[in-house]
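Chemist: Have a look at the structure that comes next, please.
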Amino acid sequence: MRISTSMIYDRGVGGMQQQWSSLMQTQQQLSSGRRVLTPADDPVASARAVEIGQSRAVNERFLVNIGAADDAMGLMEGHLQGAGEILHYVRERAVQAGNAALSPVDLKNMAVDVNAQFEAMMAIGNAKDGVGDFLFSGYKADTQPFGGTVDAVVYDGDQGERSMQVSASRVMSVSLPGNQVFANALEALGELARGLEDPTAVPGGIAMVVSTALDKLDVGQEDLLRARAQIGSQMTETATLRNIGSDRDIQYASTLSDLQDLDYAEAISRLTRQQTSLEAAQQSFMRLSGLSLFNYLS
C-alpha cells in the first residue's frame with residue numbers, strides 16, 4: 001500500500017480535528033456545568049431527565065397551589081376570627097341588657113351599638129380576596145353574598161365551595177358558602193337590635209329578647225367555630241403537603257443533578273489530557289509535514 005503525502009496530511013488533520021472537537025465539548029461542559037449537552041451525549045440520561053423534569057414541574061405547580069390555598073384559608077380564618085370577636089362582644093352586651101335597672105334609653109343606646117356590630121358582621125360576610133372575589137359567596141365569586149338590613153338579611157350566593165388541587169390525589173376546598181357560616185349570627189344580631197330598640201313589641205319583653213338572642217348567638221358562634229375548625233384542619237394538611245412537596249422537589253433536583261451535572265474534577269483532568277494530546281499531535285504533525293526525500297539528498 002502506497003502512502004501518499006496527501007494521505008499523511010489528511011490523517012494528521014483529521015486526528016487533530018477530532019481531538020479539537022473533544023476538547024471543545026469538554027470546554028462547553030465546563031462552561032455550562034452540564035455533562036449532557038445534547039441527547040446524543042447520553043440518550044438514556046436525557047430521556048430520564050425529561051421525565052424527571054416534567055414530574056418536578058407538576059410538583060412545583062402543586063406547591064404553588066398549596067401556597068394559594070393557604071393564602072385563601074388564612075384570609076378566611078382572619079375574617080372568621082373577627083366575626084367570633086363580634087359575637088363574643090355582642091353576647092356580653094346582651095347579658096348586660098338583662099339588667100332590670102336599665103332604662104329604655106339605655107336599651108336604645110345598646111341597640112345602636114348592636115346595629116353597628118351587625119353592619120360589621122355584614123362587611124365580614126361580604127369580604128373579598130386579593131383579586132376581588134367574594135370569599136363567602138360559594139361558586140358565585142363575583143356576586144356580593146349578603147344584602148338587606150337588620151329587618152331582613154338576603155343571601156345571594158350559592159352552596160358551592162371553590163376548590164384547588166394541592167396534590168395528585170387531593171382537591172381542597174378554599175372557600176365557604178356564607179349562609180352556612182353567618183346566617184344565624186346575622187339573624188341573631190338583627191333580632192337583638194330590633195328587640196333592644198323596642199322590647200315591648202316582643203312577647204315576654206326584654207327577658208325574652210335577651211334569652212332568644214343568647215341562644216341564637218351561641219348557635220352562630222358554633223357555626224363560626226365549625227368553619228374555623230375545618231380551615232384549621234386543612235391548613236395543617238397543607239403544611240404537611242408542603243413539606244412532602246419540598247422534600248420531593250429536593251429529590252427531583254438531586255436526581256437531575258446526577259443525570260445531567262458535570263463532575264468538575266474529572267472534566268478538568270480530562271481537559272488537561274486533551275490539551276496535552278492535542279499539542280503533541282500538532283507538534284508531531286508539524287515535524288512530519290516538514291519531512292521530504294530532499295532532506296536525505298546530499
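Chemist: Tally the residues that are among the β-branched types (Val, Ile, Thr), in a helix (DSSP H, G or I) and touching a Gly at 6+ places or on another chain (Cβ under 8 Å), restricting the search to region 196-215. Spell out how you get there, then give the answer.
Modeler: Let us first name the residues in region 196-215 that are among the β-branched types (Val, Ile, Thr), namely 200, 202, 206, 209-210, 212.
Applying the additional criterion that residues be in a helix (DSSP H, G or I) yields 200, 206, 209-210, 212.
From the residues that got through so far, the ones that are touching a Gly at 6+ places or on another chain (Cβ under 8 Å) too are 206, 209-210, 212.
Qualifying residue count, region 196-215: 4.
Chemist: Same structure, new question: Using beta carbons and a limit of 7 Å, which pairs, at least six apart or on different chains, have the first residue in region 124-140 and under 14 Å from residue 162 (Cα atoms) and in the same structural domain as residue 84 (by TED's automatic domain parsing) and the second one among the β-branched types (Val, Ile, Thr) and in a loop (DSSP other than H, G, I, E, B)?
Modeler: 134/143; 137/143
Chemist: Cβ contacts < 7 Å: first residue charged (D, E, K, R), restricted to region 42-62; second residue in a helix (DSSP H, G or I), any location; separation 6+ or different chain. Result?
Modeler: 48/259; 56/249; 56/252; 60/249
Chemist: Kindly evaluate residue 53 against the criterion of being closer than 19 Å to residue 235 by Cα, of a type in the set (Gly, Ala, Ser), at pLDDT 65 or above and assigned to a helix (DSSP H, G or I).
Modeler: Numbers: closer than 19 Å to residue 235 by Cα: no; of a type in the set (Gly, Ala, Ser): yes; at pLDDT 65 or above: yes; assigned to a helix (DSSP H, G or I): yes.
No, not satisfied.
Chemist: Say we look at region 143-182 and pick out the residues that are β-branched (Val, Ile, Thr) and without any contact (Cβ under 8 Å) to a residue 40 or more places away in the chain; which of these is nearest to residue 232 (Cα to Cα)? Show your work before the answer.
Modeler: Here is the first cut: in region 143-182, the residues β-branched (Val, Ile, Thr) are 143, 149-150, 153-154, 166, 171, 174, 181.
Now drop any that are not without any contact (Cβ under 8 Å) to a residue 40 or more places away in the chain, which leaves 143, 153-154, 171.
Numbers: 143: 26, 153: 28, 154: 28, 171: 16 Å.
Here the answer is 171.
Chemist: Something else about it: Here is a list: 89, 139. Which entry is at pLDDT 90 or above and in a helix (DSSP H, G or I)? Can you show your working first?
Modeler: Values: 139 fails: in a helix (DSSP H, G or I).
After ruling out the rest, the residue left standing is 89.
Chemist: Can you name the number of the only condition in (1) over 30 Å from residue 60 (Cβ atoms); (2) surrounded by fewer than 14 Cβ atoms within 10 Å (Cβ to Cβ) that residue 169 fails?
Modeler: Exception for residue 169: condition (1).
The values are calculated or read from the model by the stated rules, or taken from the named source; none is laboratory data. Predicted, not measured: the structure shown is a model, and the values here were computed from it. No Cβ is skipped: glycine too gets one built from the backbone with ideal geometry, and neighbour counts run over all protein chains shown.
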